[in-house]
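Every read-out reported here was derived from the displayed coordinates using simple, explicitly stated rules and does not represent laboratory data. Here the structure is a predicted model, which is why all the values come from computation and not from measurement. Cβ placement follows ideal geometry from the backbone for every residue including glycine, while neighbour counts extend to all protein chains displayed.
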Amino acid sequence: MSSAYGFTEDSARRIARVVKAVEGDTTEPTRIGPMLGGSTMSVVKVTALGSPLNTGQRVDYHASANTMNDINEVKIKEVSGAALTVGQRYMGQFSGYDSTGKPVFVVKAPPVVPGGGSAVIDVVTDVQCGPEGLTLSTVTFSGADYSNAVIRNFLALSDVTQKSYTANQGRCVVVNAAQTGLEFGVNTGTLTADLTAIKADIVTLKSDVVTIKANVLTLQGQMTTLQGKVTTLESGYADLLARIIVLEAP
């Protein structure tokens, strides 16, 4: 027994829209990964390195909660064979499924910027304009040459006259009097506070001097008293000596 169903054109269109909406629904994760009903671009995060495919997760933005969520296990392939970094996020292009049904995304690792070692840098040193056009003169430096040429210490500059930070705390860098280089000078921003502190120190010093003078006067008085006692002791000794002489006389 067979049955036949007839749909009007409007009903068929409504059914087609529902089917399309269901196929494009990406709000729920599936076992094999995202339902790719529109763009095939997605942000993916590497969770483990592997060969030939790395393992990762697709990154989804939850607008209402304003959160980034890692959903759906995926496989990740770097197009040039460069090493990827675990935990790093990359923009990926969906390219199909692997044998286990996991979606595979192809990504491109950012280029490595030369910074030293055997890296080579060509520097233009001169430009000549002639009948046949421009002629460039260049010098080739290695990354190590560049690192050695870069001055990373202020005191190492050739026009800095002072070669130590010692006792220069709080000072500013100023042009020297000869206008030929840089040196550490007074920080005008803290000059008022510095002068106030110096004046307070002077007041304290004056107070200490007054105290010292008073102590000197007290000491002088004590010395005078001591000298009087010494004189009395000397007089008593002379009297005692005279008596001893009298007693010893026959």
Listed by chain and number, the lysines with an alpha carbon less than 27 angstrom from that of LYS108, same-chain partners under 8 positions apart left out, are LYS45, LYS75, LYS77
Given H placed 1.01 Å from N in the peptide plane, which residues other than close sequence neighbours of GLY181 have an amide H under 5 Å from its amide H?
ASN176
Determine the sum of side-chain charges near VAL186: Lys and Arg each +1, Asp and Glu each -1, restricted to other residues whose C-beta is under 14 angstrom from that of VAL186.
-1
Write out the trypsin sites (Lys or Arg not before Pro) in the stretch 146-234 meeting two conditions: DSSP loop, and at most 12 other Cβ atoms within 10 Å of their Cβ.
ARG152, LYS163
For SER80 and GLN169, what is the calculated FRET efficiency with R₀ set at 35 Å and r taken between the beta-carbons, to the nearest 0.05?
0.10
Counting Lys and Arg as +1 and Asp and Glu as -1, what is the net charge of the other residues whose Cβ lies under 15 Å from the Cβ of VAL86?
0
Work out from phi, with θ = phi - 60° and the Karplus expression 6.51 cos²θ - 1.76 cosθ + 1.60, the ³J(HN,Hα) of each residue of the stretch 192-209, listed in order in whole Hz, and give x for Gly and Pro.
4, 5, 5, 5, 4, 5, 5, 4, 5, 5, 5, 4, 5, 5, 4, 4, 5, 5
Any chance you could run the full-extension gain for SER95 through ASN153? It's 0.36 nm times the residue separation minus the Cα-Cα distance, nm to one decimal.
15.8 nm
The summed charge of the GLN57 Cβ neighbourhood (under 13 Å; Lys/Arg +1, Asp/Glu -1) stands at +2
Based on the mean of other beta carbon atoms within 10 Å per residue, what is the order of 173-181, 92-100, most packed first?
92-100, 173-181
Quick one: Debye curve from the alpha-carbon atoms of the stretch 159-226 only, equal weights, vacuum; give me log10 I(q)/I(0) at q = 0.14, 0.19, 0.22 Å⁻¹ to two decimals.
-0.64, -0.84, -0.94
Dividing the surface of the Cα convex hull of the stretch 188-250 by four yields a projected area in nm² of 5.5 nm²
Loop trypsin sites (Lys or Arg not before Pro), the stretch 57-109 (other Cβ atoms within 10 Å of the site Cβ: 15 or fewer; DSSP):
LYS108
